[in-house]
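Below is one structure, written out as structure tokens; comments come after it.
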Ligand code: ADP
Ligand code: MG
């Protein structure tokens, strides 16, 4: 059977429970979603709709209040912190809008870091190969401050890829990039799916970025509001407009 790379079942994540009545926020509200192996999913929705919380829970970086998450068939609920850390290390990659590179390390040292943290001594060829994959062979000795935003994000991608993860989560990976460098990063994400059968889940606000995905999932108020298959930028933008119009009728609506 073709099990999903990631499966969420009735995942609810509340923040601030146990405090004063009314202080609790339901960031995710009974979300059930499957991310099939070898697919690219974009997650969209207004600010505060739970996109980052969804990624953090799906990646095992955060624990749901209730519900279950499986990665490659392994149920995360009930795993010890140590087991969870190992599973994340072996199977999951994560990239962020802010790159999160260590400023004092060179590109190749940043890329080698996950292997070092796993207690391995990475071969230089292995690190160079990851940098070549993202087109940065000639920048191996540069520090982040000597690289453009697009180059820094590609280093972050190489760092996420060095452990050969089954699943890559990207939280607004092109949010800080111009449209040309965004395209480079999006093409790389697409290639990870098409060439290496990895599973990519990406949060974005950009309909053009979403068009690189196989599917868009729209979140509103912590719930899956809608999905769009084979999304074009135009269809995605139109769907967001509809969604915002529906939101605007509610007095407490958050802006996109
Ligand atoms: P998005 O990424 O779509 O902007 P988030 O997942 O970051 O949304 O947040 C969803 C909701 O959960 C928001 O109301 C946010 O304020 C709240 N939230 C997220 N993380 C925390 C936290 N660590 N503590 C308290 N509230 C949080
Ligand atoms: Mg977010």
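The values are calculated or read from the model by the stated rules, or taken from the named source; none is laboratory data. Model, not experiment: these values are computed from the prediction. In this analysis, Cβ positions are derived from the backbone assuming ideal geometry, glycine residues included, and neighbour counts consider all displayed protein chains.
So which pairs qualify, if the first residue must be in region 24-46 and without any contact (Cβ under 8 Å) to a residue 24 or more places away in the chain, the second must be within 12 Å of ligand 2 (Cβ to nearest atom) and assigned to a loop (DSSP other than H, G, I, E, B), the Cβ gap must be under 9 Å, and the two must be at least 6 apart or on different chains?
As it stands, the answer is 25/48, since those pairs meet every condition given.
Restricting attention to region 166-222, report how many residues are modelled with pLDDT under 95, buried (at least 20 other Cβ atoms within 10 Å of the Cβ), more than 16 Å from ligand 2 (Cβ to nearest atom) and in a loop (DSSP other than H, G, I, E, B).
The total comes to 1.
For residue 232, are the conditions met, namely being on the phi < 0 side of the Ramachandran plot and out of contact with any strand residue (DSSP E or B) (no Cβ under 8 Å at 6 or more places or on another chain)?
For residue 232, the condition - on the phi < 0 side of the Ramachandran plot and out of contact with any strand residue (DSSP E or B) (no Cβ under 8 Å at 6 or more places or on another chain) - is met.
Search region 31-56 for residues being part of a loop (DSSP other than H, G, I, E, B) and within 8 Å of ligand 1 (Cβ to nearest atom), and hand back the single one that is surrounded by the fewest Cβ atoms within 10 Å (Cβ to Cβ).
Taking the candidates together, the pick is 47.
Kindly indicate which of 135, 67, 150, 60 is in a strand (DSSP E or B), away from ligand 2 (no atom under 16 Å from the Cβ) and in contact (Cβ under 8 Å) with a residue 24 or more places away in the chain.
The conditions single out 67.
Quick one: residue 183 ticks every box in (1) without any contact (Cβ under 8 Å) to a residue 12 or more places away in the chain; (2) in contact with a helix residue (DSSP H, G or I) (Cβ under 8 Å, 6 or more places away or on another chain) except a single one, so which number is it?
(2)
Could you please find all residues in region 57-82 being within 16 Å of ligand 1 (Cβ to nearest atom), closer than 18 Å to residue 199 by Cβ and surrounded by fewer than 20 Cβ atoms within 10 Å (Cβ to Cβ)?
Selection gives 61 alone.
Determine, yes or no, whether residue 49 is within 13 Å of ligand 2 (Cβ to nearest atom), touching a residue at least 40 places away in the same chain (Cβ under 8 Å), out of contact with any helix residue (DSSP H, G or I) (no Cβ under 6 Å at 6 or more places or on another chain) and over 22 Å from residue 187 (Cα atoms).
In short, yes.
Tell me which residues, restricted to region 109-127, are part of a helix (DSSP H, G or I), free of Cβ contacts under 8 Å to residues at least 40 places away in the same chain and over 14 Å from residue 157 (Cβ atoms).
Passing the criteria: 109, 116, 117, 124, 125, 126.
On the given criteria, is residue 28 modelled with pLDDT under 95, touching a helix residue (DSSP H, G or I) at 6+ places or on another chain (Cβ under 8 Å) and within 16 Å of ligand 1 (Cβ to nearest atom)?
Answer is no for this residue.
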